[in-house]
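All of the numbers you see were taken from the coordinates with simple rules; none came from a lab. Remember, predicted model here, so these are calculated numbers, not experimental data. Virtual Cβ from ideal backbone geometry, glycine too; neighbours counted across all protein chains shown.
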């Protein structure tokens, strides 16, 4: 049946395919193969001969059982890089544990850092650990390939959801480990070290200011017609402004309430780091998204055209714009590339190997 996400709703295209699945699997190819039988294992090893990387996204104890480690594969391809993504790693007491993004956020402190101080523990609005771990695995695999090409020897690389979540704690972890300080959630999504860097009230809602360089404080106070605050000894430095966070919040709330968020964004453009607060729909309708080519149209058989976000990396050669593949859509092409003819493919299909 393939990836469970193929059946994940609640939104579907006209041909019955999951929009959730398409969001994460565009421009990929799909091959079906039963690794549990000897013939399927043989096909896998044939593919392996010309491969650079084998990527697995499995429970930590499964790669060894399926023979996906370097020890199992090096005889076929000594340069192969085996990049393993798991919940808690392939070794240790949790190697056999299943695990998912929100569990990692909960256990590594993210729930205690996200949201309002008076609310219940809160996760990120997106599966940020999943996405960070995928990126970590990608650059780990590229590093592994670079090393293998230089040395002639591949190896195993391990990236776990838990380790990536933990490593991205950054300075809150540093503060606790060296000073015993436990960072908590701050009202208005404030920065724990800098002010002004939080939500402020405007005439019609909110605006986020992020004056994280000294030059932006005078730029801000001049833009809001309070130039006298630039030389006020209470607010001269980062430290003094941080100590006066509450007072500055009240002052800026009052000053910014004179205009709407949109009006302030015009005044601040290019001089004061500021952003409106948008929901997802507003973000997609943002002219900076729509008018600057950040959306792309993709043709999907049985549905027509659907729209999604352009890849964030821009290069001279445009990125392809292909929909997520149907299950096994490229099996014949990929196996044909390594010399399998039509008769061989038909035999494998009859034996339910592919």
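A quarter of the convex hull surface defined by the alpha-carbon atoms of the stretch 175-286 gives 8.2 nm² as the mean projection. Based on Cα contacts under 8 Å between residues 6+ apart, the stretch 212-339 shows a relative contact order of 14 percent.
Could you give the angle, 0 to 90 degrees to the nearest 10, between helix 128-151's Cα long axis and the longest principal axis of the Cα atoms of the chain? Once rounded, one gets 60 degrees. Think of it as helices only: each DSSP H run of n ≥ 4 in the chain is worth -39500 (n - 2.57), and spread over all residues that comes to -10500 deg cm²/dmol at 222 nm. The mean sequence distance of close C-alpha pairs (under 8 Å, at least 6 residues apart), as a share of the length of the stretch 159-206, puts its relative contact order at 17 percent.
Measuring how big the chain is from its alpha-carbon positions, Rg and Dmax come out at 26.0, 84 Å. Between the helical axis of 245-256 and the longest alpha-carbon principal axis of the chain there is an angle of about 80 degrees. For the pair the stretch 100-168 / the stretch 193-244, the C-alpha centres are spaced 34 Å from each other. Taking the C-alpha atoms only, the angle from helix 38-48 to the longest principal axis of the chain is near 60 degrees. Between residue 326 and residue 275, the contour length at 0.36 nm per residue exceeds the Cα-Cα span by 14.4 nm.
Extension gain, residue 243-residue 112: 0.36 nm per intervening residue step, less the Cα-Cα distance, totals 44.8 nm.
In percent, rounded to a whole number, the relative contact order of the chain is 19, using alpha-carbon pairs under 8 Å and six or more apart. With R₀ set to 45 Å, the beta-carbon distance separating residue 3 from residue 181 gives a calculated FRET efficiency near 0.60. For the pair residue 189 and residue 263 in one chain, pulling the backbone fully straight at 0.36 nm per residue adds 24.4 nm over the alpha carbon distance.
For the pair residue 174 and residue 285, label points projected 7 Å from Cα toward Cβ lie 4.1 nm apart. So if I take the centroid of the Cα atoms in the stretch 1-27 and the same for the stretch 246-303, what is the distance between those two points in Å? Here the answer is 30 Å between Cα centres.
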